[in-house]
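Report on one structure; see the data block that follows.
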Amino acid sequence: MRHSMVEMVLATDISRHFEYLAKFNKMHVTDVAEEQRDTNSLTICDMLVKCADISNPAREWTLCQRWAHRIVVEYFEQTREEKEKGLPVTMEVFDRNTCNVPITQCGFIDMFAREAFATFTEFAKLGELSGQLESNYEKWKQMTSQWTPSHNTNLVL
C-alpha cells in the first residue's frame, strides 16, 4: 500500500509526465496477462492521479480561468523572488512584466494536458472532459492577441 501511495504521488511530478504517459499508453494498447493486473491497476491509478493533478484545463471555464490566474500569480511571485535572490529563474515566461497568460495556458494544454486527457478519457469513457478542455483551449487562444502585461497587475490569489 505504501509503495502504491508513493508511486501515485510521484506520478504528479511534471518532469516525469511523458514517462507515465508512455507507461499508460503501453498498458492501454496491449493485451495484458492476468498476472499483470496489479501492475496495471497501479498504472491506471497513476494516470488518474496525474490527470487530477493537471485537471484545471478540463474544468468549467470560470473555474479554469480563476484557478489558472491563481497558479500564474504564484509563478509570478516565484520568478520575482528568484530574481531578487540572484537564483536561476525556473520559469522565465512567468515574469509579471512580460507574461502573456493565455499563451502559457495554451502551451500547458498543448504540452501536457491534451494528450494525457485524450488518452485517459478514451480509456475511462469520459469524453466530455476532453471536450471541455478543447473549449477552454479555444477561449485561451482567442485571448492571446488581446492580452498585455498590464492585465497581469490585476491578477491576485
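Read the figures in this text as sums done on the coordinates, not as results from a lab. Everything quoted here is computed from the prediction, not taken from an experiment. Don't worry about glycine lacking a Cβ; one is built from the backbone with ideal geometry, like all the others, and counts go over all protein chains shown.
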Can you tell me the order of 143-150, 63-70 when each peptide is scored by its average per-residue count of other Cβ atoms within 10 angstrom, highest first? 63-70, 143-150
Treating the beta-carbon of each Lys and Arg as +1 and of each Asp and Glu as -1, no other charges, what is the dipole magnitude of segment 1-123 about its Cα centre, to the nearest 20 debye? 320 debye
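What does the convex hull of the Cα atoms of segment 49-106 come to per residue, in Å³, rounded to a whole number?
Convex hull of Cα atoms, per residue: 90 Å³.
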Specify which residue in the list 133, 152, 117 is farthest towards the positive end of the charge dipole of the chain, using unit charges on the beta carbon of Lys, Arg (+1) and Asp, Glu (-1), about the Cα centre. 152
Any lysines whose Cα falls less than 25 Å from that of residue 26, other than same-chain ones fewer than 8 residues away, would be 50, 125
Would you mind checking the radius of gyration and Dmax of segment 83-138 based on alpha-carbon positions, in Å? 15.5, 48
